[in-house]
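The values are calculated or read from the model by the stated rules, or taken from the named source; none is laboratory data. From a predicted model like this one, the values you see are computed outputs, not experimental measurements. All Cβ positions, even for glycine, are placed from backbone atoms using ideal geometry, and neighbour counts span all protein chains on display.
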Amino acid sequence: MSDITRAEVCVAACADLFLGAGETLASPMGLIPSLGARLARLTTEPDLLLSDGEAFLLTPESTVEGWLPYRKVFDVVAHGRRHVVMGANQVDRFGNQNISAIGDHAKPTRQLLGFRGAPGNTVNHRTSYWVPKHSPRVLVEAVDVVSGVGYDKAAGPFHDVHRVVTNLAVLDFATPGHSMRIVSVHPGVSVDEVREQTSFDLVAEDVTETRLPTDEELQLIRTRLDPGAKRDKEVPA
């Protein structure tokens, strides 16, 4: 299949976040991460658990297949068998995430969502981030407020900030000091472009190109998971 869009590359990159997850509760927040988790369930990770966030476990087509009331999610969180993909208004070189406020927390210039579950997520189980618009305002030297806990403030044995997927690249923290590095750049994007859109120096060694979705994955994305192509509104071509 041809004419692969940037959004479809991002969906496949989000699906790859769950490689090797097995029977893990996937909690993707946002359209592209949700499509990625559902794609992983249909391809590489058939044991992945998908929740509606309220009461039920779902198939990739949103058919109810089990019961998981919201209160039980906290049992899963405490035992670590969960991988959440959150958004980030800011994320810094060590993976600290901000979804709370911009500016001084005592007197912010902009109020955001609040801390929500970010602290508990990051110290209890694997956490990744999705950034639909990679820019210096989002990839910052230091977040204004720490909502999700990064590696320089890591607490406990279950802390695991896995990856950051953006509309330009895939990044992780697999460096000696856990400073963010570029894993791959999406087709048509250069390493220099990613660096220009980041407020801090990124480690960039052995950078590859983000893989394209397979024909099977494209078929699933286009005909079963997102036939209305809503993905292209979040990540324009």
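With respect to the conditions (1) within 23 Å of Val77 (Cβ to Cβ); (2) under 17 Å from the mean Cα position of the chain (by Cα), Arg6 lacks only one, and its number is (1). The single condition from (1) within 17 Å of the chain's Cα centre (by Cα); (2) exposed (fewer than 15 other Cβ atoms within 10 Å of the Cβ) that Asp232 fails is (1).
Set side by side, the residues Arg137, Arg116 differ, and just one is in a loop (DSSP other than H, G, I, E, B) and either at positive phi or of a type in the set (Gly, Ala, Ser) (or both), which is Arg116.
Considered as a group, the residues in the stretch 182-227 that are surrounded by 15 or more Cβ atoms within 10 Å (Cβ to Cβ) and among the hydroxyl-bearing types (Ser, Thr, Tyr) include one that is farthest from Ala237 (Cα to Cα), and that residue is Ser199. Could you say whether any residue in the stretch 194-211 is of a type outside the set (Asp, Glu), assigned to a loop (DSSP other than H, G, I, E, B) and more than 19 Å from Ala169 (Cβ to Cβ)? No - not one qualifying residue is present in the stretch 194-211. Of all residues in the stretch 134-151, those being among the small types (Gly, Ala, Ser) and buried (at least 20 other Cβ atoms within 10 Å of the Cβ) number 3. Across the stretch 70-93, the qualifying residues are those that are in contact with an Asp or Glu (Cβ under 8 Å, 6 or more places away or on another chain) and free of Cβ contacts under 8 Å to residues at least 60 places away in the same chain, and the one among them that is nearest to Leu31 (Cα to Cα) is Gln90. Among all residues of the stretch 174-181, there is at least one that is within 25 Å of Ser100 (Cα to Cα), surrounded by 21 or more Cβ atoms within 10 Å (Cβ to Cβ) and of a type outside the set (Asp, Glu).
Residue check: Arg231 meets all listed conditions (1) in contact with a Pro (Cβ under 7 Å, 6 or more places away or on another chain); (2) under 27 Å from Leu113 (Cα atoms) but one, namely (1). With the structure loaded, tell me whether Thr59 is free of Cβ contacts under 8 Å to residues at least 40 places away in the same chain and either over 14 Å from the mean Cα position of the chain (by Cα) or under 24 Å from Asp152 (Cα atoms) (or both) or whether it fails that test. Against the criterion (free of Cβ contacts under 8 Å to residues at least 40 places away in the same chain and either over 14 Å from the mean Cα position of the chain (by Cα) or under 24 Å from Asp152 (Cα atoms) (or both)), Thr59 qualifies. Scanning the stretch 152-160 turns up no residue that is in contact with a Phe, Trp or Tyr (Cβ under 9 Å, 6 or more places away or on another chain) and surrounded by 20 or more Cβ atoms within 10 Å (Cβ to Cβ).
Restricted to the stretch 1-90, the set of strands (runs of 3 or more DSSP E) holding at least 2 residues that are of a type in the set (Val, Ile, Thr) comprises 82-87. Candidates in the stretch 9-52 are the residues that are in contact (Cβ under 8 Å) with a residue 40 or more places away in the chain, over 15 Å from the mean Cα position of the chain (by Cα) and under 18 Å from Arg224 (Cβ atoms); of these, the one that is surrounded by the fewest Cβ atoms within 10 Å (Cβ to Cβ) is Thr43. Give the residue that is modelled with the lowest pLDDT, with candidates limited to residues of the stretch 35-60 that are charged (D, E, K, R) and touching a helix residue (DSSP H, G or I) at 6+ places or on another chain (Cβ under 7 Å). Looking at residues that are charged (D, E, K, R) and touching a helix residue (DSSP H, G or I) at 6+ places or on another chain (Cβ under 7 Å), I get Glu54.
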